[in-house]
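Notes follow once the structure below has been shown.
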Amino acid sequence: MENFSVNIQMPNINRNYCRFDGVKVLYYLQKREDALPLLENTLKSTNDEKTVCESLYIADRLIENGVKGVDKMYPTISRFNDTKSPNIQTFLAGIYRKTKVPDAFGPLCKMLIQNSINPPKEPQFFDPNEEIGGAILDYLA
């Protein structure tokens, strides 16, 4: 996946969700397991919030479509565990909720605690703590 985030639209005051490049998302969904190395390479090589969110969204969609092996990407995805971005946190929590990788439980708790101690100073268009809390509850269930 190229590192172009031109078509990506992040949440704003009028829309509490992201918009991604539908053609790119479909391309990865069609490649199924073959998409994982490409996706992992992108996640290893970028720190651009938009690109990371799109890549995590694609990973989430792959999980929803029954693609096996996304959980094996945890070592790569986990490099974003300390992010302060509510957008990235939300996508991480969604993936962790579905994969239930044991190593992700601690980082989820840490995100929730840090967000509670240091709430964002700028307005948020959705609350990542909802997804983080839901993921933690799924781990405990």
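The values are calculated or read from the model by the stated rules, or taken from the named source; none is laboratory data. The shown structure was predicted, so the numbers you read here are calculated from the model rather than taken from an experiment. Positions of Cβ are backbone-derived with ideal geometry, glycine not excepted, and every protein chain shown enters the neighbour counts. Only protein heavy atoms, including side chains, enter the accessible area calculation; ligands, DNA and RNA are left aside. Shrake-Rupley method; radii C 1.70, N 1.55, O 1.52, S 1.80 Å.
A compact table of results
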read-out	value
Residue within the range 48-61 that is assigned to a loop (DSSP other than H, G, I, E, B), out of contact with any Cys (no Cβ under 8 Å at 6 or more places or on another chain) and not polar (S, T, N, Q) present	yes
Ser5 vs. criteria at pLDDT 95 or above and either surrounded by 18 or more Cβ atoms within 10 Å (Cβ to Cβ) or in a helix (DSSP H, G or I) (or both)	no
Flag if Phe91 is under 11 Å from the mean Cα position of the chain (by Cα) and open to solvent by 30 Å² or more (accessible area, probe 1.4 Å)	yes
Selected residue (criterion: farthest from Thr83 (Cα to Cα)) from residues of the range 43-59 that are open to solvent by 30 Å² or more (accessible area, probe 1.4 Å) and not polar (S, T, N, Q)	Tyr57
Pairs where the first residue, in the range 5-34, is under 22 Å from Gly69 (Cα atoms) and the second is at pLDDT 90 or above and open to solvent by 40 Å² or more (accessible area, probe 1.4 Å), C-beta under 7 Å, 6+ apart	Val25/Arg61; Leu29/Arg61; Leu29/Asn65; Glu33/Lys68
Yes/no for Leu62 being among the aliphatic types (A, V, I, L, M) and surrounded by fewer than 16 Cβ atoms within 10 Å (Cβ to Cβ)	no
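Yes/no per residue for (1) out of contact with any Asp or Glu (no Cβ under 7 Å at 6 or more places or on another chain); (2) among the hydrophobic types (A, V, I, L, M, F, W, C); (3) loosely packed, with under 13 Cβ neighbours inside 10 Å:
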position: Leu26; (1), (2), (3): yes, yes, yes
position: Arg32; (1), (2), (3): yes, no, no
position: Ala35; (1), (2), (3): yes, yes, no
position: Asn41; (1), (2), (3): yes, no, no
position: Asp82; (1), (2), (3): yes, no, yes
position: Asn87; (1), (2), (3): no, no, no
position: Asp103; (1), (2), (3): yes, no, yes
position: Lys121; (1), (2), (3): yes, no, yes
position: Pro128; (1), (2), (3): yes, no, no
